[in-house]
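Right, one structure below, let's go through it.
The values are calculated or read from the model by the stated rules, or taken from the named source; none is laboratory data. Since this is a predicted model, take the numbers as computed values, not measurements. Counting neighbours? That spans all protein chains shown, and the Cβs are built from the backbone with ideal geometry, glycine included. Note: areas computed on protein heavy atoms with side chains; ligands, DNA, RNA excluded. Shrake-Rupley method; radii C 1.70, N 1.55, O 1.52, S 1.80 Å.
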Amino acid sequence: MLILAIDTSAVASAALISDEALEAVVDSFVTEDTRSHAEVLAPGIRQLLARAGITGADIDAIVTGVGPGPFTGLRSGIATARTLSFVWNKPLYGQMSLDAIALEVAGSTSAVPEFLVATDARRKEVYWARYTLADGQLPHLVDGPHVGFAAQLPDLPVFGAGAGLYSEVLDANEDFAATQPDAASLGQFALAKLAAGETLLDSTPLYLRESDAQVPGPRKRAL
């Protein structure tokens, strides 16, 4: 099975994930910029396919990170995934973006039985979720995702860029202090769940709060 995974909950990233490849990740790209998703995503995906020598017809499914994340960036990835799913006539699945970091934690020497993942939600807040981990198992989401102030999080080890921003009040793991969700880990998590017969999410975004952009109210008539 060959998956195109996309995530724009923080940075823009995409990856080709295959259950026939030795390392699963056929190819991937990720940016460092958190504000240029719409400009870089489509060209990046085009380059991924070209380097792999494939077209959309060779993709079996598309997985998109559904957040949580800022409105504009998250919308760019989900809209791209929905468009490609329609054009290529391929199934589309959603995966909670924080799962990508949780999977990286599970495969690291820093893994612990229970932990939090946190990313920057701006407004001095973080997006976060709580996981448990058993030997040989995928991380299990037990709470979240939520958005809130770092000081209000449960007293557990915290992994991800959100923890790095507020290390003075969180038990932040230094090795993951700059880690953002990326499509490679997201796609690996989704592929493992599909292989286990588990049901994935749809592509409904997890915004957790309203967009900053508001529709103007009716103008008052001048007297």
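I want the antiparallel fraction of DSSP beta bridges within the stretch 36-190, as a percent rounded to 5.
Restricted to the stretch 36-190, the bridges split so that about 65 percent are antiparallel.
Quick one: if the Förster radius is 35 Å, what FRET efficiency do Ala21 and Ala151 give, using the C-beta to C-beta distance and rounding to 0.05?
Efficiency, rounded to the nearest 0.05: 0.25.
Would you work out which of Gln188, Leu116, Asn89 lies farthest towards the positive end of the dipole of the stretch 80-223, given +1 charges on the beta-carbon of Lys and Arg and -1 on that of Asp and Glu, about the Cα centre?
Of the listed residues, the answer is Asn89.
Round to the nearest 10 and report in Å² the accessible area of Lys193, as given by a 1.4 Å probe over the protein chains' heavy atoms.
The value for Lys193 is about 40 Å².
Hey, rough spin-label estimate for Val112 and Ala177, points 7 angstrom out along Cα→Cβ, what's it come to in nanometres?
1.6 nm
Report, to the nearest whole %, how much of the accessible area of the chain belongs to carbon and sulfur atoms, 1.4 Å probe, protein only.
In the chain, the share of accessible area belonging to carbon and sulfur is 51 percent.
Looking at the chain, do any whole DSSP H helices span at least 24 angstrom along their long axis by alpha carbon and average 1.0 or above on Kyte-Doolittle, and which?
Counting only whole DSSP H runs, no helix qualifies.
Residues in the stretch 84-114 near a label at Ser167, defined as backbone nitrogen under 17 Å from the 7 Å Cα→Cβ point?
Once the point is set 7 Å along Cα→Cβ of Ser167, 110 turn out to lie under 17 Å by backbone N, inside the stretch 84-114.
Mind ranking Glu125, Glu198, Glu174, Glu114 by accessible surface for me, highest first, 1.4 Å probe?
From most exposed to least exposed: Glu174, Glu198, Glu114, Glu125.
When the chain is treated as a GNM, springs tying every alpha-carbon pair under 10 Å, which of Ala177, Ala118, Ala192 comes out with the largest mean-square fluctuation?
Sorting by GNM fluctuation, first place goes to Ala192.
If you count only protein heavy atoms and use a 1.4 Å probe, how large is the accessible surface of Trp128, to the nearest 10 Å²?
Its accessible surface works out to 30 Å², give or take rounding.
Charges at C-beta only: +1 for Lys and Arg, -1 for Asp and Glu. How large is the resulting dipole of the chain about its Cα centre, in Debye rounded to 20?
So the magnitude is around 1420 debye.
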